[in-house]
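Asks: Before I ask anything, here is the structure I am working with.
The values are calculated or read from the model by the stated rules, or taken from the named source; none is laboratory data. Not measured: the values here are computed from a predicted model. Positions of Cβ are backbone-derived with ideal geometry, glycine not excepted, and every protein chain shown enters the neighbour counts. Surface areas here come from the heavy atoms of the whole protein model, side chains and all, with no ligands, DNA or RNA. Shrake-Rupley method; radii C 1.70, N 1.55, O 1.52, S 1.80 Å.
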Amino acid sequence: MRAALPHAVSAAMAASFAARAISAGTLPPIPTRCLGECVSLKLKHLLDKGQKALGKKNYPSAGALFEEAVTLAPTAHTGWFGLGEVALGIDQADSAADFFGRAVELQPDNARYRQRWGETLSRLGEFKDALHQIQHAQRLAPRDAGILCSLSGIYVKLGLWQQAKKVLQEVVGLPKPLAGHYCLLGLACQQMGELDEALAAFIKATALAPRYPDAWLSLGHLYLHKQQLEQTQSSLAKLFELAPQVPTTLDLAGDLAMTLEDYREAANFFRQAADAAPEQQAIQAKLAMALVMCGDSLPAIDALERAYALGLPEDWVLEKLGSMFAIKYKTPIACENLEMAVARNPDNINAWNTLIVVYTRAGESQKVRKAVDTILQRDPNNASALLNFAGWYNDQGRHGEALELFNRVLALHPQKRAPYSQALWTMLSASSVSAADILALARRMDENCNLSLRRADDFADRNRDPGRRLKIGWVSSDIRRHPVSAFLPFMAHVDHEALETCIYYNFSEEDGITRQFRAYADKWREVIDIGDNTLADLIRGDEIDILVDLNGYTNGNRAEVFAMKPAPVQVTWLGFPGTSGMNAMDYIFIPPDPVLEKGGWCSETPWPLPDCYGVRANISKVAVQPGLPCERLRRPFTFACLNNFRKVGQLTIELWSRILLRLPEARLILVAVGGKDDETMRYFSSQFERYGVAPGQLEFRGYAPPDQYFDSHNEVDLGLDPFPFNGGTTGYDSIWMGVPFVTWPGEHLSARMGRAILQNVGLHELIADSADAYVDIAVNLAHDRERLGALRAGLRERMLASPLLDAPRMAKGLEAAFRKMWQRWCHETNNTTKTL
């Protein structure tokens with residue numbers, strides 16, 4: 001409850017004034033001359049004394065004086081305004097709004113009155129009315145910095161960041177702007193992902209007021225976000241000069257030390273911050289994290305106990321630690337923290353769920369089942385547990401069992417997005433699933449999750465000149481060390497006279513690859529902290545003509561934004577090699593392929609790129625060893641599939657078994673999550689043994705570091721492409737390392753990747769047209785080693801000369817595709833307008 005008003009400004013007083021002084025017809029006309037000339041000396045005396053008392057925050061005295069003033073002269077707008085300030089001072093915003101409203105009624109052209117009324121309405125959550133009042137104030141005083149700042153604040157609360165930024169740009173354009181104004185502008189830019197503009201604003205703030213700590217704090221946080229650690233340190237040095245013991249300074253210092261993995265130093269800073277602000281839960285949690293990383297068990301337990309005392313359960317802190325490390329793929333320490341969490345609280349469902357993911361990565365099959373059973377005993381329909389368990393099945397290639405769990409979750413939560421996207425990934429690999437099945441589920445997802453998000457926007461304000469420079473937006477979380485970024489070297493060759501490149505980067509960290517691609521962009525926005533509606537508004541405000549989704553249904557996607565259709569033309573490419581199912585997605589890029597070009601497998605219009613699906617660059621410096629590995633190493637003939645085993649369907653296992661049965665001396669290398677876990681290996685082997693394959697013909701490996709992975713190709717005589725989900729990145733890698741592979745194309749995009757790769761290096765004879773042909777090609781080449789040697793000879797050189805590595809050619813092809821898409825949209829919308 002709010003504190004009671006002093007008698008001078010009580011609710012009863014407000015009611016009596018409403019009846020006595022504001023009743024219709026009882027008030028004299030509002031004077032048009034200044035107040036000092038229209039009221040008695042007594043009234044002036046009361047108002048002067050009231051203002052002095054208000055300045056000293058003597059609210060009871062000020063309230064009594066202003067009450068007496070408006071009782072004496074109900075049209076004394078200064079008195080009503082003073083009562084509003086008193087009410088605000090004692091946290092009575094609702095009464096303050098009434099008083100300010102009365103002042104505005106009496107003096108409608110007073111910009112200050114309208115500003116304070118609007119600010120008070122904003123505090124009450126009445127944002128639209130607040131915006132109306134402050135906009136009116138701004139019209140009365142268009143160059144008042146305070147009013148403009150208030151206006152920007154309302155825009156922020158309404159989520160209208162672009163308007164807030166525009167207003168703040170007006171503020172800093174006024175004479176003698178303050179450092180605080182530039183800080184506000186920087187925060188607005190940062191919220192919109194315009195980090196370079198934010199940086200410039202914060203730097204300007206520090207230049208205007210070198211001893212203003214908030215400016216250095218904002219600058220330091222931004223530098224840390226951008227991973228510019230030396231500059232972060234410089235900002236911190238200034239903060240330690242100006243405000244060395246302030247908790248926010250120490251907190252930033254601790255965050256920097258954590259980033260540098262100097263956990264002991266981080267613990268020191270967080271300990272000091274916690275001493276200065278002992279009631280802040282977040283700082284106590286960070287201190288505990290740092291101490292755990294230091295291995296200081298007893299101090300860590302002390303910090304956890306303090307966090308617990310502030311309301312943070314110990315298991316919650318441990319669970320969050322485990323989740324953080326799981327996200328960073330630091331599996332052992334994630335496992336340790338999560339196991340501690342469930343030991344302290346066996347009912348911590350979130351910790352058990354994350355343990356399913358961690359145990360799956362470690363190949364700990366029995367522990368996966370224990371974690372799943374623990375959750376389902378407590379909550380038989382726990383969606384996260386069912387989805388994580390489905391993921392475990394999927395990693396083992398048990399697609400049917402995974403899909404049963406996905407369907408179970410969808411029956412419970414038909415509007416939950418995650419089971420759809422995960423099921424779609426599984427369906428790409430499942431031998432029993434058709435392209436029509438995949439499309440049906442994708443469209444069902446669109447109907448249940450996306451269509452309601454679609455905005456009614458015909459882009460009537462867009463320049464429809466078919467030949468003008470186009471703005472191309474690229475949305476991705478993977479412009480970093482990630483397989484998708486390996487297919488983006490064409491960005492270095494974009495014609496910026498024809499295309500403006502705007503990248504919306506949706507990840508919390510950057511690396512050298514990120515910085516490289518930032519240099520290729522005309523506009524770079526970091527949008528990880530921006531909500532879907534705000535990001536859609538941002539894209540719309542940037543006037544993007546063609547928006548490209550490089551994620552699809554991979555982690556870090558912004559599918560909801562694409563569902564809103566913030567650009568006239570939208571395209572999906574690379575991240576998810578299948579249909580989005582979205583009504584809002586216009587095109588899907590494909591390799592030139594008559595089967596794919598017919599459509600029927602996708603909701604989008606297929607658009608063939610020239611020659612291939614994507615281009616690579618700088619694949620690996622690992623050398624190709626000469627000759628056939630079986631002869632050079634004097635080992636049995638070796639097949640391999642270095643794709644994740646989750647791509648291996650039951651029909652694939654059957655055909656590979658047929659190959660091995662016809663070549664009993666041959667062996668097959670496979671890669672699987674938990675490649676050394678006994679139970680997992682027994683399951684994998686059993687899938688082949690049921691067809692008669694000897695266990696000794698199989699070798700299962702876990703994931704390997706990049707150079708080791710590439711060098712493993714030097715052990716492989718012939719690759720076997722999985723189906724229906726072919727290798728994409730791994731297919732390029734295989735050809736680069738001089739290892740041809742056999743493929744059997746299917747009926748949708750991911751099932752025809754191998755075909756596109758092989759065609760571009762002249763290996764058409766390795767493209768099978770049936771299951772029997774797939775087996776025969778592999779067996780015959782194992783017998784005809786002279787022929788296989790000829791196919792392998794100079795394969796890297798052929799790839800270097802092919803479109804697969806021709807980034808400039810791909811850039812031109814994309815430019816042509818975007819131009820034709822835009823021309824088509826202009827033509828169709830112009831015809832629609834004429835018809836209307």
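Asks: For VAL494, list long-range residues whose amide hydrogen, built 1.01 Å from N in the peptide plane, is under 5 Å from its own amide hydrogen.
Replies: Here the answer is none, since no amide H 5 or more places off falls under 5 Å of that of VAL494.
Asks: The stretch 74-134 to the stretch 424-493: how many Å between their Cα centroids?
Replies: Answer, in whole Å: 48.
Asks: Right, next: In Å, what Rg and Dmax follow from the Cα atoms of the stretch 204-267?
Replies: 11.1, 36
Asks: Let me ask something else about it. Taking a probe of 1.4 Å, how large is the accessible area per residue of the chain, in Å²?
Replies: Normalised by residue count, the accessible surface of the chain is 42 Å².
Asks: May I ask you to list the lysines whose Cα is less than 22 Å away from that of LYS471, ignoring any residue fewer than eight positions away on the same chain?
Replies: LYS165, LYS166, LYS523, LYS565, LYS812, LYS820
Asks: Indicate the gyration tensor shape class of the stretch 110-193 (rounded, prolate or oblate), computed on the Cα atoms with a ≥ b ≥ c the square roots of the eigenvalues: a/c under 1.5 is rounded; otherwise a/b larger than b/c is prolate and the rest oblate.
Replies: oblate
Asks: Then there is this: Taking amide H positions as placed in the peptide plane 1.01 Å from N, state which residues far from ARG701 in sequence (5 or more) or on other chains have amide H under 5 Å from it.
Replies: LEU670, VAL671, ALA672
Asks: Something else now. Roughly what percent of Cα-Cα pairs across the stretch 50-173 reach past 26 Å?
Replies: I get 23 percent for the Cα pairs in the stretch 50-173 exceeding 26 Å.
Asks: In addition: May I ask you to give the percent of accessible area on the stretch 525-663 that is carbon plus sulfur, with a probe radius of 1.4 Å?
Replies: Heavy-atom surface of the stretch 525-663 belonging to carbon and sulfur, 1.4 Å probe: 46 percent.
Asks: If you don't mind, another one. Picking from PHE389, SER40, LEU88, whose Cα lies most toward the positive end of the charge dipole for the chain (charges on Cβ: Lys, Arg +1; Asp, Glu -1)?
Replies: SER40
Asks: Here's another thing I want to ask about it. Note down, for the stretch 416-466, the three equivalent ellipsoid semi-axes (square root of 5 times each alpha carbon gyration tensor eigenvalue), biggest first, whole angstrom.
Replies: Working from the Cα gyration tensor, I get semi-axes of 32, 14, 9 Å.
Asks: So if R0 is 25 Å, what FRET efficiency would ALA200 and GLU509 give, r being the distance between their Cβ atoms, rounded to the nearest 0.05?
Replies: So, using R0 = 25 Å, E works out to roughly 0.65.
Asks: In debye to the nearest 20, how big a dipole does the stretch 687-836 give about its Cα centre with +1 on each Lys and Arg Cβ and -1 on each Asp and Glu Cβ?
Replies: In debye, rounded to 20, the stretch 687-836 gives about 900.
Asks: Can I ask one more? Out of residues 5 or more away from GLU500 or on other chains, whose amide H comes under 5 Å of its own, with H placed 1.01 Å from N in the peptide plane?
Replies: For GLU500, the qualifying residues are LEU470, LYS471, ILE472.
Asks: Just need log10 I(q)/I(0) for the chain at q = 0.08, 0.09 Å⁻¹, Debye formula, equal scatterers on the alpha-carbon atoms, no solvent, rounded to two decimals.
Replies: -0.87, -1.05
Asks: Provide the gained length on full extension for the span ARG635 to ASP129, in nm with one decimal, where the gain is 0.36 nm per separating residue minus the Cα-Cα distance.
Replies: 174.1 nm
Asks: Can you give the FRET efficiency for GLN650 and GLN233, using 1/(1 + (r/R0)^6), R0 = 41 Å, r = Cβ-Cβ distance, to the nearest 0.05?
Replies: E between GLN650 and GLN233, to the nearest 0.05, is 0.15.
Asks: If you don't mind, there's one more thing I want to ask. How about the stretch 109-157: which trypsin sites (Lys or Arg not before Pro) there are in a DSSP loop, with at most 12 other Cβ atoms within 10 Å of their Cβ?
Replies: Listed in order of number, the matching sites are ARG143.
Asks: So between ALA694 and ASP91, what do we pick up on full extension, going 0.36 nm a residue minus the alpha carbon distance?
Replies: Details: separation 603, 0.36 × 603 = 217.08 nm, distance 7.97 nm.
Using 0.36 nm per residue and subtracting the Cα-Cα distance, I get 209.1 nm.
Asks: Per the Kirkwood formula on distinct C-alpha pairs, the Rh of the stretch 554-693 is how many angstrom? Walk me through the numbers on the way to the answer.
Replies: Values: mean 1/r = 0.0520 Å⁻¹.
The Cα-based Kirkwood calculation yields 19.2 Å.
Asks: With an 8 Å Cα cut-off and a minimum separation of 6 or more residues, compute the relative contact order for the stretch 367-485 in percent.
Replies: Taking the mean separation of contacting Cα pairs over the length of the stretch 367-485, I get 15 percent.
Asks: Now a separate question. Only Cα pairs under 8 Å and at least 6 apart count here; give the relative contact order of the stretch 236-318 as a rounded whole percent.
Replies: 22
Asks: When the accessible area of the stretch 757-836 is split by element with a 1.4 Å probe, what percent falls to carbon and sulfur?
Replies: 49
Asks: In addition: Give me Rg/Rg_expected for the stretch 700-776, where Rg uses Cα atoms only and Rg_expected = 2.2 N^0.38 Å with N residues.
Replies: In units of the globular-protein estimate, the stretch 700-776 measures up at 1.08.
Asks: If you fit an axis through the alpha-carbon atoms of helix 127-140 and take the longest principal axis of the Cα set of the chain, what angle between them do you get, 0 to 90°, nearest 10?
Replies: Tilt relative to the chain: about 60 degrees.
Asks: How far is it, in nm, from the label point at ARG481 to the one at TYR329 when both lie 7 Å from their Cα along the line to the Cβ?
Replies: 0.8
Asks: Also, I was wondering about something else. For the pair GLU261/ASP678, report the inter-label distance in nm, with labels modelled 7 Å from Cα in the Cβ direction.
Replies: Calculated label separation equals 3.3 nm.
Asks: When you take every Cα atom in the stretch 649-736, what is the radius of gyration, and what is Dmax, the widest Cα pair distance, in Å?
Replies: 13.1, 35
Asks: Let me ask something else about it. Can you tell me the 0 to 90 degree angle between the C-alpha axis of helix 678-689 and the longest principal axis of the chain, rounded to 10?
Replies: The angle comes out at about 50 degrees.
Asks: In whole angstrom, how far apart do the alpha carbon centroids of the stretch 746-808 and the stretch 684-712 sit?
Replies: The two parts, judged by their Cα centres, are 22 Å apart.
Asks: Just for the Cα atoms in the stretch 159-218, what are the lengths along the principal axes, largest first, rounded to whole Å?
Replies: 31, 24, 16
Asks: ³J(HN,Hα) across the stretch 535-552 via Karplus (A = 6.51, B = -1.76, C = 1.60, θ = phi - 60°), whole Hz, x for Gly/Pro?
Replies: After applying 6.51 cos²θ - 1.76 cosθ + 1.60, I find 5, 4, 4, 5, 5, 4, x, 6, 6, 5, 8, 10, 10, 10, 9, 9, 9, x Hz.
Asks: What angle, in degrees between 0 and 90 and rounded to the nearest 10, separates the Cα long axis of helix 399-412 from the longest principal axis of the Cα atoms of the chain?
Replies: Long axis of 399-412 versus the principal axis of the chain: about 30 degrees.
Asks: Could you tell me what % of all Cα pairs in the stretch 462-535 have separations over 21 Å?
Replies: 30
Asks: Now a separate question. Of the heavy-atom accessible surface of the stretch 163-227 (probe 1.4 angstrom), what whole percent is carbon and sulfur?
Replies: The value for the stretch 163-227 is 58 percent carbon and sulfur by accessible area.
Asks: I've got another one for you. Tell me the mean residue ellipticity at 222 nm calculated for the chain from its helices only (DSSP H runs of n ≥ 4, each -39500 (n - 2.57), averaged over every residue, nearest 500).
Replies: Mean residue ellipticity at 222 nm (helix-derived): -17500 deg cm²/dmol.
Asks: Next question. If r is the Cβ-Cβ distance from ARG143 to GLN51 and R0 is 22 Å, what FRET efficiency results, to the nearest 0.05?
Replies: Efficiency computed from Cβ-Cβ geometry: 0.30.
Asks: Between the stretch 541-608 and the stretch 258-319, what is the C-alpha centre distance in whole Å?
Replies: Each part reduced to its Cα centre gives a spacing of 44 Å.
Asks: Evaluate the charge dipole of the chain about its Cα centre and quote only its size in Debye, nearest 20, assuming +1 on the Cβ of each Lys and Arg and -1 on the Cβ of each Asp and Glu. Write down the numbers at each step before the final one.
Replies: Values: 88 positive and 97 negative charges, 297 e Å.
With Lys and Arg at +1 and Asp and Glu at -1, about 1420 debye.
Asks: What distance in nm separates the simple spin-label points at ARG454 and GLN625, each placed 7 Å from Cα in the Cβ direction?
Replies: 5.7
Asks: Sticking with this one: Sort HIS496, HIS783, HIS181 by heavy-atom solvent-accessible area, probe 1.4 angstrom, most to least.
Replies: So the residues, ranked largest to smallest area, are HIS783, HIS496, HIS181.
Asks: Just need the relative contact order of the chain here, percent rounded to a whole number, with Cα pairs under 8 Å and 6+ apart.
Replies: Reported as a whole number, the value is 7 percent.
Asks: MET564: net charge of surrounding residues, Cβ under 11 Å, Lys/Arg +1, Asp/Glu -1, itself excluded?
Replies: On the way: positive: ARG454, ARG455, ARG540, ARG558, LYS565; negative: ASP457, ASP532, ASP537, GLU560.
Residues near MET564 contribute +1 overall.
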